[in-house]
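The values are calculated or read from the model by the stated rules, or taken from the named source; none is laboratory data. Every value quoted in this text rests on a predicted model; they were computed, and no experiment measured them. FYI the Cβ positions are ideal-geometry reconstructions off the backbone, even for glycines, and counts take in every protein chain you see. Heavy atoms of the whole protein, side chains included, go into the accessibility calculation; ligands, DNA and RNA do not. Shrake-Rupley method; radii C 1.70, N 1.55, O 1.52, S 1.80 Å.
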Amino acid sequence: MTDDAPTPAPEPKTAKPGWLSGGRAGYLALGLSVIALGFSAAPYLTGGSNVRAYLLEHPEVLQEAQMALQTKDAEAAVEETNQAAAANAGLLAPDARDPAFGPANAKVTVIEFFDFRCPGCKAVAHDYRALMAAHPEVRFVFKDWPILDRGDDITSQYAARAALAAHQQGKYLEVYDALMTERALSIEAIDAILAAHGVDMARAKAAIAAPDTTRHIADIHTTAAALRLRGTPTFFVNGKASPGIDPAEIGKLIEAAKR
């Protein structure tokens, strides 16, 4: 999962990727875990040097502590998001601009916030599409949320706009699949994918540059910020954020929601 989404802007182009976001906070958490371990070991070890020696001989202790902290942080983030969603149900209300598949009156609705360059999004895309095929009675909504652009790089933004342009021509899912499969996305590669799937390029280019597309994506950024989303992919099942991104787990949440 890509962490730390950016603060929304009318035309967002930059974002802080998750592998940079741990930074000082991650080292601080790790330092605190070491201190805590030192205190807990005090009855059995004599002196700070012994604590250090023990940790050097057993680095897995630090790894386990760090993983526990990360799990706790992730659980807190999901709870924060669910509280924000519960406080304002309109944040996840149907938006006619979003690509959506399945009955409009479905008992269960799944929403994905994603970036076409997000490694986690790409990793689960195939199984997620299989999940859609297995649950035709469920409504699946796609929130194109480009957060991985930095500086002059606008590839994620362009991919989101291109996919939405394809949606206007009834070709969203095939373009989604191809964009997720492509490992090295570039503007040229995205255009080639559109053309390969029969998208009218003149119409697509107009839609990509349209102010309405700009507003749509900006609104998704605003919604993500209001929901306190940390990164992509993030899945919601009937308005509640999934703790994980594994499509198998999403499937379990769908079955539970059906009941």
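Within the stretch 121-226, which helices (runs of 4 or more DSSP H) (wholly inside it) include 1 or more residues that are exposed (fewer than 15 other Cβ atoms within 10 Å of the Cβ)?
172-181, 187-196, 201-209, 211-226
From the list Pro247, Pro233, which residue is modelled with pLDDT of 95 or more, assigned by the TED database to the domain that holds Ala96 and in contact with a Cys (Cβ under 8 Å, 6 or more places away or on another chain)?
Pro233
Which residues, taken from the stretch 99-120, are within 23 Å of Ile187 (Cβ to Cβ) and buried (at least 22 other Cβ atoms within 10 Å of the Cβ)?
Within the stretch 99-120, Phe113, Phe114, Asp115, Phe116, Arg117, Cys118 meet the criteria.
Among the residues of the stretch 222-236, write down those that are farther than 15 Å from Leu91 by Cβ and β-branched (Val, Ile, Thr).
Residue satisfying the conditions is Thr232 alone.
Is the stretch 95-104 home to any residue that is of a type in the set (A, V, I, L, M) and touching a Lys or Arg at 6+ places or on another chain (Cβ under 8 Å)?
yes
What are the residues in the stretch 78-89 that are open to solvent by 50 Å² or more (accessible area, probe 1.4 Å) and in a helix (DSSP H, G or I), if any?
Within the stretch 78-89, Glu79, Glu80, Gln83, Ala86, Ala87, Ala89 meet the criteria.
Residues that are in contact with a Lys or Arg (Cβ under 6 Å, 6 or more places away or on another chain) and of a type outside the set (Lys, Arg): does the stretch 160-179 have at least one?
The answer is no, given that none of the residues of the stretch 160-179 is in contact with a Lys or Arg (Cβ under 6 Å, 6 or more places away or on another chain) and of a type outside the set (Lys, Arg).
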